[in-house]
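Down below is the structure, laid out as structure tokens.
Derivation of every value follows stated rules applied to the coordinates shown; laboratory data play no part. Quantities reported herein were computed from a predicted structural model and do not represent experimental measurements. In this analysis, Cβ positions are derived from the backbone assuming ideal geometry, glycine residues included, and neighbour counts consider all displayed protein chains.
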Amino acid sequence: MNMHYREVLKNKKRIVVKIGTSSLSYANGRMNFHSIEKLAYVLSAIRRQGAQVILVSSGAIGVGAGRLGLTKRPKELAKKQALAAVGQAELMKIYQKFFEEYNQMVAQVLLTKDVITIPERNRHARSTLLKLLEMDIIPIINENDTISTFEIEFGDNDTLSATVASLVSADLLIMLSDIDGLYNADPRSQKDAEIIHSVLDITPELEQLASGAGSSFSTGGMVTKISAARTCLQHGIDCLITSGSDPSILFDILAGKEIGTHFVANKQNTVHHA
């Protein structure tokens, strides 16, 4: 009965895709190159079909930890920033390699939270991203973890992805996670939990369903995803949460199939492209 909400997803032309650490790496923190290559193929294909695509990628600290043989995410800020510096360079090298196989150019964009609070930075970030999209380049965005402090950090890439979606007046944000969507109970402990396919309003009851973080390298859980979805809905942007274990699921989403949890934007509040 909710399928008519999915019809609108077939016509989305400016799409932000957020992929979490758990979808890019194995449980031990090592990179899942097969998944990354498939993501590069899928996003390149979607762009060739005429859509504009932005990728918000987690994984820099996890990649850095893997390169240095660490098995847990450090708590010390300076060490996290050092790992991010190592990992960000490595992550972009990996992305460039795979996207080049599909003749797709990518660009690295590192943001801090003052892109929201400082109007001039906001304008410059928006104009840069829109120019990259106009040039058929896929921006790959991460938080600038190397210099971020508490005052200017997003803290998680769910929040970052919603900020980017609103910054560029996107049509759709897809968050690829380690879970299929939002359930009416915790599916990890309750086998009869059912997925909620369509959400028209984020209620207090819905927020209570949010669960904790997934892998030891990820920082976001369902709480941050619902918060990101709320930001999207406030800007008239559809938002969808689903599993990132197979990136080709993006084709099915954009074909209007009932996958994941779709937070349906109020079309009366839609922000149109500049």
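What residues qualify as long-range amide H neighbours of Met105, i.e. H under 5 Å apart, gap of 5 or more or another chain, H built at 1.01 Å from N?
Ile138
With a 10 Å Cβ neighbour count serving as the proxy for reagent exposure, in which order, fewest first, do Ile94, Ile179 appear?
Ascending Cβ contact count within 10 Å gives the list Ile94, Ile179.
Work out from phi, with θ = phi - 60° and the Karplus expression 6.51 cos²θ - 1.76 cosθ + 1.60, the ³J(HN,Hα) of each residue of segment 176-193, listed in order in whole Hz, and give x for Gly and Pro.
For segment 176-193, the Karplus-derived couplings read 8, 10, 9, 9, 5, x, 8, 10, 7, 7, 6, x, 6, 10, 10, 5, 8, 5 Hz, x marking Gly and Pro.
Amide H neighbours of Ala185 under 5 Å, at least 5 residues apart or on other chains, H built in the peptide plane: list them.
The answer is Glu194.
What span do the alpha-carbon atoms of the chain cover on each of the three principal axes, reported in whole Å from largest to smallest?
For the chain, the Cα extents along the three principal axes come out at 50, 45, 38 Å.
Output the antiparallel fraction of DSSP beta bridges having both residues in segment 3-269, as a percent to the nearest 5.
Close to 15 percent.
Of the trypsin sites (Lys or Arg not before Pro) in segment 31-110, which ones lie in a loop per DSSP and count no more than 13 other C-beta atoms within 10 Å?
On the way: sites: Lys38, Arg47, Arg48, Arg67, Lys72, Lys75, Lys79, Lys80, Lys93, Lys97; in loops: Lys72, Lys75.
In loop regions of segment 31-110 (DSSP not H, G, I, E or B), the sparsely surrounded trypsin sites (Lys or Arg not before Pro) are Lys72, Lys75.
Please find, in a Gaussian network model of the chain (springs between Cα atoms separated by less than 10 Å), the residue of Leu77, Leu132, Leu160 whose mean-square fluctuation is greatest.
Evaluated over the chain, the most mobile residue of the options is Leu77.
Considering only DSSP states other than H, G, I, E and B, which chymotrypsin sites (Phe, Trp or Tyr not before Pro) in segment 22-98 qualify as loop sites with at most 14 other Cβ atoms within 10 Å?
Listed in order of number, the matching sites are Tyr26.
What is the local net charge at Gln104, summed over the other residues whose Cβ is closer than 11 Å to its Cβ (Lys, Arg +1; Asp, Glu -1)?
-1
Taking the square root of 5 times each eigenvalue of the Cα gyration tensor, what semi-axes in Å does the equivalent ellipsoid of segment 1-159 have, largest first?
Working from the Cα gyration tensor, I get semi-axes of 26, 21, 16 Å.
Only Cα pairs within less than 10 Å get springs; with that Gaussian network setup on the chain, which residue of Leu206, Leu176, Leu250 has the largest fluctuation?
Leu206
Under a GNM of the chain (C-alpha, springs under 10 Å), which listed residue has the highest mean-square fluctuation: Ala51, Ala107, Ala78?
Ala78
How would you rank 252-258, 169-175, 240-246, highest first, on the average number of other Cβ atoms within 10 Å across their residues?
169-175, 240-246, 252-258
Treat every Asp and Glu Cβ in the chain as -1 and every Lys and Arg Cβ as +1, leave all other atoms uncharged, and give the resulting dipole magnitude about the Cα centre to the nearest 20 debye.
For the chain, the charge dipole is close to 560 debye.
Is segment 49-111 rounded, prolate or oblate when judged by the Cα gyration tensor, a ≥ b ≥ c being the square roots of its eigenvalues, rounded requiring a/c under 1.5 and prolate requiring a/b larger than b/c?
Prolate, since a/c reaches 1.5 and a/b exceeds b/c.
Find how much the distance from Thr128 to Asn28 grows on full extension, using 0.36 nm per residue of separation minus their present alpha carbon separation; answer in nm with one decimal.
Roughly 32.4 nm would be gained on extension.
Using the charge dipole of the chain (Lys, Arg: +1 at Cβ; Asp, Glu: -1 at Cβ; taken about the Cα centre), state which of Gln234, Leu209, Leu172 has its Cα farthest towards the positive end.
Result: Leu172, furthest along the dipole toward the positive end.
Mean separation of Cα pairs under 8 Å and 6+ residues apart, divided by the residue count of the chain: what relative contact order is that in percent? If you can, show how the numbers build up before the last one.
Details: 535 pairs, mean separation 68.4, N = 274.
Relative contact order, the chain: 25 percent.
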